[in-house]
Amino acid sequence: MAGFKVDRISEDVKRELTDILRSLKDPRISGLITIVRTEMSGDMSQVKVYVSSMDGIEGAKEAVKGLKSAAGYIRREINHRLKLRASPEFKFIADDSIEHSAHISTLLKDLDEK
């Protein structure tokens, strides 16, 4: 049963993080930043957040730097919005899955044209 709660709260955190990203004013967190997935630990004390950018892996790394500097604000907002007993610690990780999927899409489009 506990696994369902962790998964549900992980999805809630992802949804709220997406909303919080829109309100951040840091110039490093600009462009098309996407939260690919969130992984919450079993005791709900830590959350790994995988962030991807349309600007590639370098854009995602810059966004991670901005998100790390705003981690305290994000943690407070998540705790306020979700009413958690203890707010989790966030670990932001750069991910290049959007860039990779865009590359695959162009390859498939090229094959379709031939």
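Please treat every number below as a calculation from the coordinates, not as lab data. Since this is a predicted model, take the numbers as computed values, not measurements. Methodologically, a virtual Cβ is constructed for each residue, glycine included, from the backbone with ideal geometry; neighbour enumeration extends over all protein chains shown.
Structural remarks
- Number of Lys-Lys pairs in the chain with C-alpha atoms under 28 Å apart and a separation of 8 or more places or on different chains: 29.
- Computed over segment 2-113, the alpha-carbon pair-distance distribution with 10 angstrom bins reads 14, 43, 27, 11, 4, 0, each value a whole percent.
- Extended-chain gain in nm, criterion 0.36 nm per residue less alpha-carbon gap, K25 and I104: 25.2 nm
- Selected from L32, T18, L107, residue furthest toward positive end of dipole (the chain; charges at beta carbon): T18
- Per-peptide average of other Cβ atoms within 10 Å, ordering 26-32, 80-86 highest first: 26-32, 80-86
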